[in-house]
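Novice: Once you've had a glance at the structure underneath, I'll fire off some questions.
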Amino acid sequence: MQDLVWEESLSIEVPEIDEEHCRLIDLFNILCRSAENGDTNDHIEVAMEELISCTLRHFRHEERLMLKYDYEGLAEHKSEHEELLASAKALQQKLLQEGKRVLSEHIPFLRNWLIGHILAADKILGSYLCKAIPRSFECSLSGGEALKRGGTIFNHSPGSIVQ
Ligand SMILES: [Fe+2]
Ligand SMILES: [Fe+2]
């Protein structure tokens with residue numbers, strides 16, 4: 001399966017959040033490649049755990065920003081985070097019980113899980129934060145530019161991630 005690629009249309013114009021989204025996409029790709037390459041269940045479980053723990057840290061980061069900048073949609077956004085985490089943990093549990101076959105069946109679900117939230121709730125949050133955060137913060141930078149400046153390595157191969 002083609003890797004997900006971080007591209008400008010996914011930027012929420014908040015560089016520190018874009019960077020974390022980019023990392024989550026990398027972890028998703030690692031997990032999918034691991035399943036495709038026939039890696040052991042242990043290997044795949046570690047990749048899944050890494051995706052979930054990184055997602056948890058990322059969600060907490062967004063929630064701290066929402067709180068700090070009095071975002072009205074905090075409760076709704078947070079509850080969406082909780083639902084996303086619960087569904088990922090349910091998949092992780094299934095993976096532990098039934099093995100890697102489960103993962104290949106659920107890749108489209110995980111893909112939507114990751115991208116759907118960024119394109120909807122996180123985009124709305126991003127436009128709010130860009131107005132709320134003091135100008136010294138680099139909101140005006142495009143996500144891609146911010147990532148380059150931050151030194152994060154990510155895949156620039158062509159193709160849209162939105163199916
Ligand atoms: Fe979010
Ligand atoms: Fe996010």
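Values quoted throughout were computed directly from the atomic coordinates according to the rules given, and no laboratory measurement underlies them. No experiment lies behind these values; they were computed from the predicted model shown. Here the Cβ positions follow ideal geometry from the backbone for every residue, glycine too, while neighbour counts run over all protein chains shown.
Novice: Scattering from the C-alpha atoms of the stretch 8-150 alone, worked out with Debye: what is log10 I(q)/I(0) at q = 0.08, 0.16 1/Å?
Specialist: The computed values of log10 I(q)/I(0) come out as -0.24, -0.85.
Novice: Let's test the formula: R0 of 45 Å, r as the Cβ-Cβ distance of GLU36 and TYR69. What FRET efficiency results, to the nearest 0.05?
Specialist: The computed FRET efficiency comes out at 0.65.
Novice: Read phi for every residue in the stretch 89-100 and hand back ³J(HN,Hα) as whole Hz from Karplus 6.51 cos²θ - 1.76 cosθ + 1.60, θ = phi - 60°, with x for Gly and Pro.
Specialist: Here the 3J(HN,Hα) series is 5, 5, 5, 4, 4, 4, 4, 5, 7, 10, x, 5 Hz.
Novice: If we count other beta carbons within 10 Å of each Cβ, what is the order of LEU114, LEU74, fewest first?
Specialist: Ranked by crowding around the Cβ, least crowded first: LEU74, LEU114.
Novice: Still on this model: Tally Lys and Arg at +1 and Asp and Glu at -1 over the other residues with C-beta under 14 Å from the C-beta of TYR71: what net charge comes out?
Specialist: Working: positive: ARG64, LYS68, LYS78, LYS123, LYS131; negative: GLU62, GLU63, ASP70, GLU72, GLU76, GLU80, ASP122.
Surrounding charge for TYR71 is -2.
Novice: Further, regarding this structure: Out of all Cα-Cα pairs in the stretch 1-45, roughly what percent, to the nearest whole number, are more than 16 Å apart?
Specialist: On the way: 443 of 990 pairs.
Considering the stretch 1-45, 45 percent of its Cα-Cα pairs are separated by more than 16 Å.
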